[in-house]
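Q: Below are the structure tokens for one structure; questions will follow.
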Amino acid sequence: MNVKPIEEDTLFLRKTISDLTEQIDQLTVLQDISKQIISKFDFNQIINTFLDLVNEIINYNSCILYLYHGDSNSYRVSGLRGVSEKDLKSYELDYEIIDWVLKEGRWAHISSFKRPDQKNNSFISILPLQGAKRDLGFLLIFSDPEKDVFTQANMKHLSFVASQTGIALENQDLYSKLSHSEEYIKNILESINNGIITMDTEDRITQINKNATAMLGLPSGDIIGVNYKDTLAKNLVKMIDNVKKRTIKDGFTLDTLFEYSPIKDLKIPLGINSSLLLDDEGNRIGIIIVLRDMSASKELERLRQLDEMKSEFVSNVSHELRSPLSVIKSYVETLLNRVDSGDYETRREFLTVVSDETDRLAALVNDLLDISRIESGRFEIELGPVRLSDSIQTVFRDLENISSKHQIVVDIPSDLPDLLADRDKMFQVFLNLIDNTVKFSPDGGKVAIKAEVKGKMIKCDISDQGIGIDSEDLPHIFEKFYRVDSSDSYEISGTGLGLSIVKHIVESHGGKISVRSKPGKGSTFTVLLPFDRN
Ligand code: ADP
């Protein structure tokens, strides 16, 4: 039997253990190096660690790190040791050799480099820095030729350091791009007027912008990552449950109104819509909910309209006030300065004009007062029996702008019951409506007033063959200050208050007013008013 001497075995074992220990030591060193570099996310820290580690391994005299910059498509100095910036020019190398290093991804050593600050030749090594898919740059290392530092083990370590630095630089690039895009998305989210909430499939809130926090009256603390059921009020949870269910079923939900009450007596109407969030492969990764504060948008829109109407109104009213005032002023001035005190005829004529214009002013002021009474809820009516034909007759007596071109046709049955109404207010209603028929039929034509009993009401049609009203203006003509803006109506004076007062009076009697009209053909206003049953 061939028995190995025990000493041989022991020797072999010792050698293996020592080899293994060395390898473990080396691995520990490499692991340590890797940790030191990979754990850094700051660009300068990575570069400094890299240059420190290279120095630890080969104790260089100086080194220059060049990194690729995509924006200028060039390699630029990104780290320096033992070289001053002003000396950089004299360290420039032949590009061909660098190209070779980068292309091959291998070391190159040049032994005859004459450093500008030293008499002796320097040994120069070029170490490529590579990322997963591209060249990142290269490191020029200057060392003394006498020191034989480029042993195989050192080269192995250096290559390892370079590859770890490559990974760290790419990670850092990715990290900075990611944090930029995260910041970018956050900025976009914050600048949107709507409230935005996103949630993952586990119902955890993944994004919420300030508007959503404000609309839902949530505490400003961080609720990212928290399950919405644990942080939102009960009624909100119920609403989101509902939205979530429908979103998962249909892929989205259209605007629905939700009245949210963050505190007692305060109701915020929120418009809510949602859709699924999908990844690149179309898998559901959550939902996005968009909230719109409807009260704010409605209010804003209303205020904007009101503002527009008011400035239009001020200009209308000023115009309306100015024209009678200037007529009054000029007639009074003429009366004072030019008309002979004995010329009674002319004086009477002038004073009549002044009186008429004063009436116009008074009517305008009355309209304004009516509007202000209506707005403040102080518009009162006194009901009593009113004969419609009497009201209409008084109106025609009062109207002076009817020309011979207008043909007036009144068709009121003699047995028509009395209205149960406020006499003065009825006069105001019919004066406004009939005045409009005449005003807006400048070429004359038939003005017809026809009344009849319709169920429990008296129906009165007031029609003309005038300029008519465009269908898009029709829904607005009963609004305060609204005047149709057309070349036909341009010359016709008014404030846009008449019809809104008329509508208010009719409705406060329990009646209704409507209009039918055809541009160029004429209009018919229909008033329904209750009659007196006694
Ligand atoms: P105003 O008398 O100042 O014009 P109203 O409130 O009475 O104000 O009427 C509002 C607008 O409705 C008028 O400016 C006019 O454009 C339109 N309108 C009212 N009545 C008639 C009508 N009979 N024919 C044509 N347009 C009319």
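Q: How would you order 417-429, 270-282 from highest to lowest mean count of nearby Cβ atoms within 10 Å? Provide the component values of the computation, followed by the final result.
A: Details: 417-429: 20.8, 270-282: 14.7.
Going by the mean number of other Cβ atoms within 10 Å, highest first, we get 417-429, 270-282.
Q: With each pseudo-label sitting 7 Å past Cα toward Cβ, what's the residue 85-residue 485 distance in nm, one decimal?
A: 6.2 nm
Q: Now, a different point. If you fit an axis through the alpha-carbon atoms of helix 423-439 and take the longest principal axis of the Cα set of the chain, what angle between them do you get, 0 to 90°, nearest 10?
A: Helix 423-439 sits at roughly 80 degrees to that axis.
Q: Out of region 24-109, which trypsin sites (Lys or Arg not before Pro) are coil in DSSP terms and have no more than 15 other C-beta atoms within 10 Å?
A: Values: sites: 35, 40, 76, 81, 86, 89, 103, 106; in loops: 40, 106.
Passing both the DSSP loop test and the Cβ count: 106.
Q: What value, in deg cm²/dmol to 500, does the helix sum -39500 (n - 2.57) over DSSP H runs of n ≥ 4 give at 222 nm once divided by the residues of the chain? Mind showing how you got there, number by number?
A: Details: 12 runs with 242 residues, N = 534.
Theoretical 222 nm ellipticity from helices: -15500 deg cm²/dmol.
Q: What GluC sites (Glu not before Pro) does region 120-194 have in DSSP loop regions with at most 16 other beta carbons within 10 Å?
A: Values: sites: 146, 170, 182, 183, 190; in loops: 146.
Within region 120-194, the qualifying GluC sites (Glu not before Pro) (loop, at most 16 other Cβ atoms within 10 Å) are 146.
Q: For region 462-534, with every protein chain kept in place, what is the accessible area per residue (1.4 Å probe, Å²)?
A: Values: 3740 Å² over 73 residues.
In whole numbers, region 462-534 has 51 Å² accessible per residue.
Q: Size of the dipole of the chain about the Cα centre, Lys and Arg at +1 and Asp and Glu at -1 on the beta carbon, nothing else charged, in debye to 20? Can you show the working numbers first?
A: On the way: 64 positive and 83 negative charges, 171 e Å.
For the chain, the charge dipole is close to 820 debye.
Q: Same structure, new question: In terms of Cα to Cα distance under 16 Å, which lysines are near enough to residue 480, apart from those fewer than 8 places away along the same chain?
A: Residue 480 reaches 310, 503.
Q: Just the number, please: percent antiparallel of the DSSP beta bridges in region 409-467, rounded to the nearest 5. Intermediate values should be presented prior to the final figure.
A: Numbers: 7 of 10 bridges.
In region 409-467, approximately 70 percent of DSSP beta bridges are antiparallel ones.
Q: So how do 472-483, 399-410, 225-236, 455-466 stack up, highest first, on mean other-Cβ count within 10 Å?
A: Numbers: 472-483: 16.3, 399-410: 12.4, 225-236: 14.4, 455-466: 19.2.
Descending mean neighbour count gives 455-466, 472-483, 225-236, 399-410.
Q: Let me ask something else. Under 25 Å Cα-Cα from residue 234, which lysines qualify once same-chain neighbours fewer than 8 residues away are excluded?
A: 210, 244, 245, 249, 264, 267
Q: Tally up the carbon and sulfur contribution to the accessible surface of region 373-439 as a whole percent, 1.4 Å probe, everything protein left in place. Could you put the intermediate results ahead of the total?
A: On the way: 1660 of 3830 Å².
The C+S portion of the solvent-accessible surface of region 373-439 is 43 percent.
The values are calculated or read from the model by the stated rules, or taken from the named source; none is laboratory data. Treat the numbers as computed from the prediction; the structure is a model and nothing was measured. Because the Cβ atoms are built from the backbone with ideal geometry, glycine has one as well, and the counts that use them run over all protein chains shown. Only protein heavy atoms, including side chains, enter the accessible area calculation; ligands, DNA and RNA are left aside. Shrake-Rupley method; radii C 1.70, N 1.55, O 1.52, S 1.80 Å.
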